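Quick notes on the structure that follows.
The values are calculated or read from the model by the stated rules, or taken from the named source; none is laboratory data. In this text, all values refer to a predicted model and were calculated from it rather than measured experimentally. When we count neighbours, we look across all protein chains shown, and the Cβ atoms used for this are built from the backbone with ideal geometry, even at glycine. Heads up: the accessible areas ignore ligands, DNA and RNA and are worked out on the full protein's heavy atoms, side chains in. Shrake-Rupley method; radii C 1.70, N 1.55, O 1.52, S 1.80 Å.
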Amino acid sequence: MVRSCLLIVLCFLGVLSGNAQSINDKEMVVYQAPSDKFASITLQAHKGLPRFGVPNMYREQTGGQRQGMRAGGSDRGAKTPERMEKNKLVTTGKSNLSLLVSLKYLQPFMEDLDRERLTTLTSNMSEKESNSAFLQRFLRSQVAPNLCLANECKSANQGKNEFERLRNYTSFVDHCLDPLLDWSKNVMENDELIGYHVSMLNIGSNYDFDKKGYTAYHSLILNNIFSLKQGIGKQVVFKPVKPFEEALQNSVDRSKTIKFLLHIDEKTAERFQKEGIKRLYAVKKIKVKRSNKPMESVSKAIEFNYSHESADLELYTDEALTQHFKTLSLADLTN
């Protein structure tokens, strides 16, 4: 990102050590790494907080159609170098956040890590040896090549022979592991993370003239908060806190989805169809919190709970979330 684009500095709930910088009018938040040995983490933002779920793909917005494709599917927006770089930056940021969160909650097992020798997999390994092998594989194949910039730690999984591989591993452990562990302790301070989650509301073209709206569905499953490809497994489970959340929990079907009528007047519905708008973007403010369920083993998924910070469900017509359409209440979806 061009330095001149930096506008203001946000303090993001102390989530990471260092300040979070907002770029392009709160379009992104950047969490600075503790040193130049490591890669800072950049996430998409909404209203100054991290954005999760459906991302902004930075597609060109033309005329009335702002979903990246005009009616008829002819205009998807050019993949300019700037847009491609933004996509790469935030995709990497989401993956690296997942790695750092994994590192935080693996710390209780770190006492089993062999810091001096590479653990060899055998059929009769002790639990400590098995944990060491798992942690070494995670650190060498995921943490080092993604979170590290300096050769002394980025090369932890490289080497032409066993002696070189061991030197590279111990170099990572000696110079980079503890700073990374310290950094990860500041992720999700108080075991919480507050941000916005974005999901799609597909409205299609089946307008109900009698009920004046579309049948829509909203899922309470948010397993796209963290990257599924990086780090150890993570499960995010809805846990009601407020009365309206209890009502939501009681009204979902087996797929944890709420069916409701999205009221839209005929004039607006016709305009949407002419502009090719067949989906809306639903945004809600959530709190993700580490559950009280302990990790049974080093390879088990980490369980998180989430709840809603507000009953508001904001609808936008564009994935960049610049064109606000209307505000729904989660408390009314079950009525």
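Cβ-Cβ distances below 6 Å connect the following pairs, each with a first residue in the stretch 260-285 that is acidic (Asp, Glu), a second residue that is surrounded by fewer than 16 Cβ atoms within 10 Å (Cβ to Cβ), and a separation of six or more residues or different chains: GLU275/GLY64.
The set of residues in the stretch 141-180 being within 18 Å of SER40 (Cβ to Cβ) and among the β-branched types (Val, Ile, Thr) consists of VAL143 alone. As a summary of the residue check, ASN202 satisfies the conditions (1) touching a Ser or Thr at 6+ places or on another chain (Cβ under 9 Å); (2) touching a residue at least 60 places away in the same chain (Cβ under 8 Å); (3) farther than 22 Å from GLU309 by Cβ except for the one numbered (1).
Can you pull out the residues in the stretch 100-135 that are assigned to a loop (DSSP other than H, G, I, E, B) and open to solvent by less than 80 Å² (accessible area, probe 1.4 Å)? If you could, list the steps in order and put the result at the bottom.
Taking the stretch 100-135 and keeping what is assigned to a loop (DSSP other than H, G, I, E, B), we get 106, 113-126.
The answer is LEU106, LEU113, ASP114, LEU118, THR119, THR122, MET125, SER126.
Starting from residues that are within 28 Å of LYS47 (Cα to Cα) and open to solvent by 50 Å² or more (accessible area, probe 1.4 Å), keep the ones in the stretch 272-286 and report whichever is farthest from the chain's Cα centre (by Cα).
Here the answer is LYS278.
If you take the residues in the stretch 27-48 that are open to solvent by 30 Å² or more (accessible area, probe 1.4 Å) and either assigned to a strand (DSSP E or B) or out of contact with any helix residue (DSSP H, G or I) (no Cβ under 9 Å at 6 or more places or on another chain) (or both), which one is nearest to ASP178 (Cα to Cα)? Spell out the reasoning first.
Start the filter on the stretch 27-48 by keeping residues that are open to solvent by 30 Å² or more (accessible area, probe 1.4 Å), which leaves 27, 32, 34-37, 40, 47.
Filter once more, keeping what is either assigned to a strand (DSSP E or B) or out of contact with any helix residue (DSSP H, G or I) (no Cβ under 9 Å at 6 or more places or on another chain) (or both): 32, 36, 47.
Working: GLN32: 17, ASP36: 15, LYS47: 33 Å.
Restricting to residues being open to solvent by 30 Å² or more (accessible area, probe 1.4 Å) and either assigned to a strand (DSSP E or B) or out of contact with any helix residue (DSSP H, G or I) (no Cβ under 9 Å at 6 or more places or on another chain) (or both), the top hit is ASP36.
Looking only at strands (runs of 3 or more DSSP E) that lie completely in the stretch 190-248, which have at least 2 residues being touching a Phe, Trp or Tyr at 6+ places or on another chain (Cβ under 8 Å) and over 28 Å from GLY48 (Cβ atoms)? Passing ranges, in order: 213-219. Scanning the stretch 286-327 for residues that are of a type outside the set (Phe, Trp, Tyr), touching a strand residue (DSSP E or B) at 6+ places or on another chain (Cβ under 7 Å) and without any contact (Cβ under 8 Å) to a residue 60 or more places away in the chain turns up SER291, LYS293, SER310, ASP312, GLU314, HIS324, LYS326, THR327. SER219 meets the conditions (1) open to solvent by less than 10 Å² (accessible area, probe 1.4 Å); (2) at pLDDT below 95; (3) closer than 27 Å to THR257 by Cβ in every case but one. The failed one is (1). With the condition kept exactly as written, say whether any residue in the stretch 160-170 is surrounded by fewer than 20 Cβ atoms within 10 Å (Cβ to Cβ), touching a helix residue (DSSP H, G or I) at 6+ places or on another chain (Cβ under 6 Å) and in the same structural domain as LEU103 (by the TED database). No - not one qualifying residue is present in the stretch 160-170.
Could you list all residues from the stretch 234-256 that are of a type in the set (S, T, N, Q) and either more than 23 Å from LYS326 (Cβ to Cβ) or surrounded by fewer than 13 Cβ atoms within 10 Å (Cβ to Cβ) (or both)? Full working, then the answer.
Keep residues of the stretch 234-256 that are of a type in the set (S, T, N, Q), which gives 235, 249-251, 255.
Answer for the stretch 234-256, where residues must be of a type in the set (S, T, N, Q) and either more than 23 Å from LYS326 (Cβ to Cβ) or surrounded by fewer than 13 Cβ atoms within 10 Å (Cβ to Cβ) (or both): GLN235, GLN249, ASN250, SER255.
Among the residues of the stretch 150-164, write down those that are assigned to a helix (DSSP H, G or I), farther than 16 Å from PHE138 by Cβ and out of contact with any His (no Cβ under 7 Å at 6 or more places or on another chain). Outline the logic, then answer.
Here is the first cut: in the stretch 150-164, the ones assigned to a helix (DSSP H, G or I) are 151-154, 162-164.
When the remaining residues are screened for being farther than 16 Å from PHE138 by Cβ, the result is 151-152, 162-164.
Once the filter is applied, which keeps residues that are assigned to a helix (DSSP H, G or I), farther than 16 Å from PHE138 by Cβ and out of contact with any His (no Cβ under 7 Å at 6 or more places or on another chain), the stretch 150-164 yields ASN151, GLU162, PHE163, GLU164.
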